[in-house]
Structure formats: C-alpha cells, structure tokens
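Have a look at the structure below, then the notes.
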Amino acid sequence: MEVLIEETAHNVAKRVADFVERLIVTSPAPVLGLATGATPVLAYQELIRRYRAGTLSFERTRVFLLDEYVGLAAGHPGSYGSTIRRELIDHIDMATDALMVPASDAASLRASSHCYDAEIRDAGGIDLQLLGIGSQGHIGFNEPGSSLSSRTRIKTLAASTRRDNGRFFGGADEVPRHAVTQGIGTILDARQLLLIAIGSTKAKAVAAAVEGPITSMVPASALQLHPHATVVLDHSAAADLQLAEYYAVVQRHKPQWLRPEQAAE
Ligand code: F6R
C-alpha cells in the first residue's frame, strides 16, 4: 500500500485529480469507480477546472457509482446519483448514459445488486476506484462486520453512519436505513484503489485501516489485501499513523522510473 501525505486538502484534491487524469489520458476506455460524500468534492472541483481549462476530456470515460441509498424518490437531492451529477457529471463532457448507479428500488433490488457486479465485469472492470472512509472505517456502505468478500448488495446503515450523514439530510433521522453498496470483494476487484481522507475525524479510522490488522471490524483494512492501493491523506487525517515519517521517506526517495509521470509514458 502506498501512503501519500499532503500539506492541505487542496493538495490532496490535486493528487487525486492527477491519478484520474493519468488514467484518462492513458486508457482508450477508462472506467472509474466514484464515491460521493464530502471528501472527494474538492477533487471533483479540480477535475471540472481541468476540463474547463481544456486539458482533460471525459468523453471516453464510464463511471460506476460506489453506492446508493434505498428508498429515496428519484431525483432526491440527497441520493448519490443526484449528488454525483450535481458535483461532477453535469459539469463535464461525459456522456449521460455513461454513469451507472446501483439500482436501489425495492422491486428490482435482489436482481439488480447481482446485475451491478455483472455490469462492472461487462465494462471490463473498474480501472480506478475512488473511496472515502467512514469515521468507523467503512468503505462504500460496508459497515463494520461486513464480509471481506462481499459483492454488491443491500446493507443496513450503522447508527454512526446515519449520524455522520445527517448533515446531508437535515438530521440523522432523515437518513435512509438502507443502501445498496459495492461489496468489499467488488471493490477489491478494481485494478487500482485510491482511498482519500481529510481531517482529524478520520485519523483513527485511517490508522486502523492502514496499520492495524485486516479485520471485518475495519472494512477499509481490506485495502491491505489489494496489490495496487494508494491512500491520499492530509496531515490531520494522517495524525495517528505510526509510520508517517517512513511514508514521507518512501516518497522522497522513490526511484525515478516508479514515479507516476514516468509510468504514464
Ligand atoms: C460515499 C461512501 C462513503 C463515504 C464515507 C465518508 O459514496 O461510500 O463510504 O466515502 O462515509 O464520507 P465523507 O466523505 O462525507 O466523510
């Protein structure tokens, strides 16, 4: 696992945008997995800025959203489908039908969860999956206790998640009880994982995920099993890492041929 610690949240956003840009310019048919929530917003703004500057086009890009709430009316502003459109897709040149969102209507739920993994496979798999992390270590809506080999399915949200996400809904009680989420096994199938965390409220979860044991009690610790996982943090989110100094040394002395700008050539 590679750990990158940046001075500011803006630097984190630029780093993340660099990863996305590198994929898009090097792949003929890039497939992105995107998360919502507060963490990736600055990175999405940076991607929009690059698109507007004419240096980046999303025309060939397909996106699979990580998760979606169950039970919200179509177009509800709190739904993750609406959120990703509002925060990114509506501002770039991606084809509107190139966004895939896990189906979360009650009628088709069982079949659609299974189909979502098949749709990802049919698209050739996800090249780069962006992830945030919950304050208790969840990725997607894989709450503590989730199977590390789980596939896309419905999950019941933990009370802490509903509390944390109450800010997007006008209170925890308004947050849906259920969501459809890519499973941890689904996430681990992506060719590259990029977990982003900003702020001190994530420090404990980040340390447990990166340096603690691999356990379903900290779903993000499953990233340790992935051959190409990168964690991009600001200083506050990195505050509890024991090996922070070592990660900085790794970056300072990274051989030239391993640097991303070289790899992209
Ligand atoms: C969002 C998602 C969640 C969030 C996590 C952090 O699609 O799957 O796992 O990434 O809850 O949320 P924020 O970024 O709002 O702190």
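The values are calculated or read from the model by the stated rules, or taken from the named source; none is laboratory data. Being a predicted model, the structure only gives us computed values, none of them experimental. Cβ placement follows ideal geometry from the backbone for every residue including glycine, while neighbour counts extend to all protein chains displayed. In case anyone asks, the SASA skips ligands and DNA or RNA and just uses the protein heavy atoms, side chains included. Shrake-Rupley method; radii C 1.70, N 1.55, O 1.52, S 1.80 Å.
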Worksheet item: Of all DSSP beta bridges in the chain, what percent run antiparallel (nearest 5)?
Response: 30
Worksheet entry | the stretch 70-161: C-alpha gyration tensor shape, a/c 1.5 cut-off, then a/b vs b/c | rounded
Response to the item:
Under 5 Å from the placed amide H of Glu2, counting only residues 5+ away or on other chains, we find Ala229, Thr230, Val231
Discussion item. Relative contact order of the chain, please, whole-number percent, based on alpha carbon pairs below 8 angstrom and at least 6 residues apart.
Written reply: 24
Item to complete: State, to one decimal in nm, how far the label point of Gln251 lies from the label point of Arg177, with both points 7 Å from Cα in the Cβ direction.
Response: 4.4
Worksheet item: Say R0 is 22 Å: what FRET efficiency, to the nearest 0.05, do Ala123 and Ala74 get from their beta-carbon distance?
Response: 0.40
Response to the item:
With every protein chain kept in place and a 1.4 Å probe, the residues Glu119, Glu87, Glu143 fall, from largest accessible area down, as Glu119, Glu87, Glu143
Worksheet item: Which ³J(HN,Hα) values in Hz, rounded to whole numbers, follow from the phi angles of the stretch 173-178 under the Karplus curve 6.51 cos²θ - 1.76 cosθ + 1.60, where θ = phi - 60° and Gly and Pro get x?
Response: 5, 7, 6, x, 7, 10
Practice prompt. Would you mind calculating the gained length between Arg60 and Ser135 on full extension (0.36 nm times residue separation, minus the Cα-Cα distance), in nm to one decimal?
Written response: 23.6 nm
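Could you calculate the FRET efficiency of Leu148 with Asp90 from 1/(1 + (r/R0)^6), where r is the beta carbon distance between them and R0 is 45 Å, rounded to 0.05?
FRET efficiency, Leu148 to Asp90: 0.80.
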Worksheet item: Which whole-Hz couplings ³J(HN,Hα) result when phi for each residue of the stretch 129-135 is put into the Karplus expression 6.51 cos²θ - 1.76 cosθ + 1.60, θ = phi - 60°, listed in order with x for Gly and Pro?
Response: 10, 7, 9, x, 9, x, 5
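Of the accessible area of the stretch 195-265, with the probe set at 1.4 angstrom, what percent is carbon plus sulfur?
59
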Worksheet item: Taking Cα centroids, how far is the stretch 1-19 from the stretch 141-206 in Å?
Response: 21
Fill in: Linear extension gain, Thr215 paired with Ser27, 0.36 nm per residue minus alpha-carbon span
64.3 nm
Worksheet item: In terms of solvent-accessible area of protein heavy atoms at a 1.4 angstrom probe, what is the ranking of Ile196, Ile5, highest value first?
Response: Ile5, Ile196
Worksheet entry | Mean separation of Cα contacts under 8 Å (6+ apart) over length of the stretch 76-202, as relative contact order % | 29
